[in-house]
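Since every read-out is calculated from the coordinates, none of them should be taken as a lab result. Nothing here was measured: the structure is a model prediction, and the numbers come from that model.
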Amino acid sequence: MGLEAIKGADQILLFRLKGETNPATKLAFQTEHSIEASVDGGDSTATKDGSLSSPGTPVEEWPFTSIAARGDETREMLWKAFREQKVVEVWQIDKGAEEQEGKYPARYAQGLIQDLSETANVEDLMELSGTIKINGVPKEGKATLTEDQKTVVQYLFVDTTAVAEDEIVE
């Protein structure tokens, strides 16, 4: 089996306030995110035989950017979590990978929003960007991606035939 490149557009983030029971939600119009890992601490000691290193502590930050959308409940939840310094659950889901039993490969983490900003330039759409500082070590697994989560800003195909009033898609 050959290797397949991973498309950035297939990597999406879902969010939920820790302790909430509602399904995680997708931030609308995501444009990019990254997972940035580094090591805090650690030390290097010079010895007569050369340098000797001691381990530090791995840390991760997950910066993200999206186009801000009016009425986006996820955007509002992120602002609340930032202002109240509440822990946020975050999933990176690979929706381009082959679905297995309704689940997709995912990375799960919890953390605090370290910074959050909205930029409103006269010539561009307003952007929301932020960084989540991850607590502990993220976990790899499989996550469910519901149709609602997949289509948060997409519309579904509608046939050309007559539609009953209760089937009207807005």
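Just a few scattered comments:
- When the convex hull of its Cα atoms is projected in every direction, mean area for region 28-116 (nm²): 9.3
- Length gained on full extension, LYS18 to TYR108, computed as 0.36 nm times the residue gap minus the Cα-Cα distance: 31.2 nm.
- As computed over the chain, the Cα convex hull volume per residue (Å³): 229
- Of all lysines in the structure, the ones whose alpha carbon falls short of 20 Å from that of LYS95, not counting any fewer than 8 places away in one chain, are LYS7, LYS26, LYS103, LYS139, LYS142, LYS150.
- On Cα atoms only, tilt of 73-84 relative to the major axis of the chain in degrees: 40
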